[in-house]
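Here is the structure we will look at, set down as structure tokens.
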Amino acid sequence: MLRSCAALLRTPGAPRGRPGAPRRSFSSEKVVQKDCALPNPSWSKDLRLLFDQFMKKCEDGSWKRLPSYKQFFSKTFQGFQTLYLDPSLVKGEEHAQLFTRSFEDGLGFEYVMFYNDAEKRVLCFLQVGPHLQGAPGFVHGGAIATMMDSTTGTCACRAGGIAMTANLNINFKRPIPLCSVVVIDSQLDKVEGRKLFVSCNVRSVDEKTLHSEASALFIKLDPDKSLRKKR
Ligand SMILES: CCCCCC/C=C\CCCCCCCC(=O)SCCNC(=O)CCNC(=O)[C@H](O)C(C)(C)COP(=O)(O)OP(=O)(O)OC[C@H]1O[C@@H](n2cnc3c(N)ncnc32)[C@H](O)[C@@H]1OP(=O)(O)O
């Protein structure tokens, strides 16, 4: 468990302005982005332990830590622009932020994902911050769904290419205590043409509690179809 939620709430605010906005190096005009999937002072002992454990597993190449950024620049993703970016939004692209990385450190989603290519599996170690409350003392179901979508989505995209969620079916079995750390374990089950079937579960760190389970369907984007127009 995290030391205390109250401690987090008392933490002086992060610098004003747009937290996490990319810094520009004026000499090269290159955008330098912070990798959010690395430890910061808000990470609890549990999250640090899991991180360290899996960084060791990365040494033989079986697992890979996935970096994570607030901003998503289409030119860094081959084919992305042609698939589904509205050209009129390009100018404002750097104002958009990844939802799950839009909180100040420790208040929202703190997580790191690891990918195992041989197993087509993504593990997400997630610390749920105090601003994700639903029922008093517990995490909001929408926040859990968000991270199940993100984890299964990452699994689908890593295994099969750029895909979007068509269906996400969740069973919430036990509530998740606010400020705890959980493990989201997802894997690709089946591929049928453009359909990627991925399942996942959310468990406590000691694996004794099964909090939620989900099955998801992702559809690989068809380069010949626009996502903007109604078909
Ligand atoms: C988001 C991509 C990021 C890429 C970069 C990767 C980096 C990091 C990963 C981060 C992961 C983030 C995860 C977050 C993902 C999301 O939240 S996405 C947002 C929510 N989803 C949407 O808004 C999608 C809205 N839907 C659509 O745009 C379209 O429906 C579609 C693109 C999903 C599919 O459209 P289309 O390409 O036209 O396919 P179809 O011809 O309609 O269907 C193809 C086959 O699939 C079957 N199918 C479609 N939908 C469903 C469904 N809901 N249930 C069951 N089956 C479905 C359809 O019947 C077709 O089957 P057949 O071929 O006829 O057998």
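Just subtract the alpha-carbon distance of Lys225 and Lys208 from 0.36 nm times their residue separation and send over the number in nm, one decimal.
Here the segment from Lys225 to Lys208 would lengthen by 1.6 nm.
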*Using packing as a proxy for protection, rank 209-215, 37-43 so that the peptide with the highest average count of other Cβ atoms within 10 Å comes first.*
209-215, 37-43
*Per-residue ³J(HN,Hα) for segment 122-134, Karplus 6.51 cos²θ - 1.76 cosθ + 1.60, θ = phi - 60°, Hz, x for Gly and Pro*: 10, 10, 10, 9, 10, 10, 9, x, x, 8, 10, 5, x
_For Ser68, distant residues with modelled amide H under 5 Å away_ = Cys36, Ala37
*Which entries in Lys57/Lys120; Lys70/Lys173; Lys120/Lys173; Lys190/Lys225 show an alpha-carbon gap greater than 19 Å?*
Lys70/Lys173; Lys120/Lys173; Lys190/Lys225
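None of the figures in this text is laboratory data; all of them are computed from the coordinates on show. As the structure is a computational prediction, the values presented were derived from the model and not from experiment. So basically every Cβ, Gly included, is an ideal-geometry build from the backbone, and we count neighbours across all protein chains shown.
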